[in-house]
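FYI, it's all coordinate maths here, none of it is from the lab. Worth saying up front: this structure is predicted, and the values here are computed from it rather than measured. Positions of Cβ are generated from backbone atoms using ideal geometry, with glycine treated the same way; all protein chains shown enter the neighbour counts.
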Amino acid sequence: MLRRLRIGALAAVFILVLYLLYTAYSIVSFADKNERVRSDAAIVLGAAVWGEEPSPVLAERMNHAIWLYNNGYVAKIIATGGIGDGDAISEAEAAKRYAVQKGIPEVDVILEVESRITEQNLEYAYAIARQNHLRTLTIVSDPLHMKRAVHMAKDLGMEAYSSPTQTSVYQSMRTKFPFLLREIFFMVGYQVKMLF
């Protein structure tokens, strides 16, 4: 009986390890999927604000959305993210100011200022998109964030396309590995949540 329990426990651990490895592989292999299709808007996922300026992570996400806009791939940009603890302005507002400074017409940057996490970024932005009759949506974030973000977007019913920033600040293994571990954790959490 004890031997069977040990074998069962080892099998469960083996299956869990395989699942985590598969999850890691799926995140990494999706990271460079860049669907350069024309869509109604780019949804830029929020990131930290430093003072009243976008953090380097948020700035690079906006730089990519600005490139998509300037090259005719998107007609609007939806900047997402609420006010973080201790911040003076929302992530979305900092992103919009940055885009306007870079020459994007203010009317073409739409704000979503209530969200605090990725799932909310997408859910609330999608509601705003529908209100503005924006049907096709390009998701913009860092490469290792894209698998989970696009998965969530499609679960919400979006016609969503992947376009990771090409200038992510997460370039070295020292910065990529913690990001990957975080994404594995949140992807597993999201998948477990969706089971219930």
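Below, the figures for the structure above:
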| quantity | calculated |
| --- | --- |
| Cα-centre dipole for the range 29-168 with unit charges at Cβ (Lys and Arg positive, Asp and Glu negative), debye to 20 | 520 |
| 0 to 90° range, to nearest 10: angle between helix 91-101 axis and the chain longest Cα axis | 40 |
| Calculated log₁₀ intensity ratio I(q)/I(0) where the Debye formula runs over C-alpha points of the range 29-168, q = 0.12, 0.17 Å⁻¹ | -0.38, -0.80 |
| For the chain, calculated [θ]222 nm from helices alone, where every DSSP H run of n ≥ 4 adds -39500 (n - 2.57) | -17500 deg cm²/dmol |
| Rg in Å to one decimal, and Dmax rounded to a whole Å, for the range 102-196 via C-alpha atoms | 14.6, 45 |
| Between 0 and 90°, nearest 10: helix 2-30 axis offset from the chain longest Cα axis | 20 |
| Within the chain, longest stretch free of exposed trypsin sites (Lys or Arg not before Pro) [DSSP loop, at most 15 other beta carbons within 10 Å] | 39-101 |
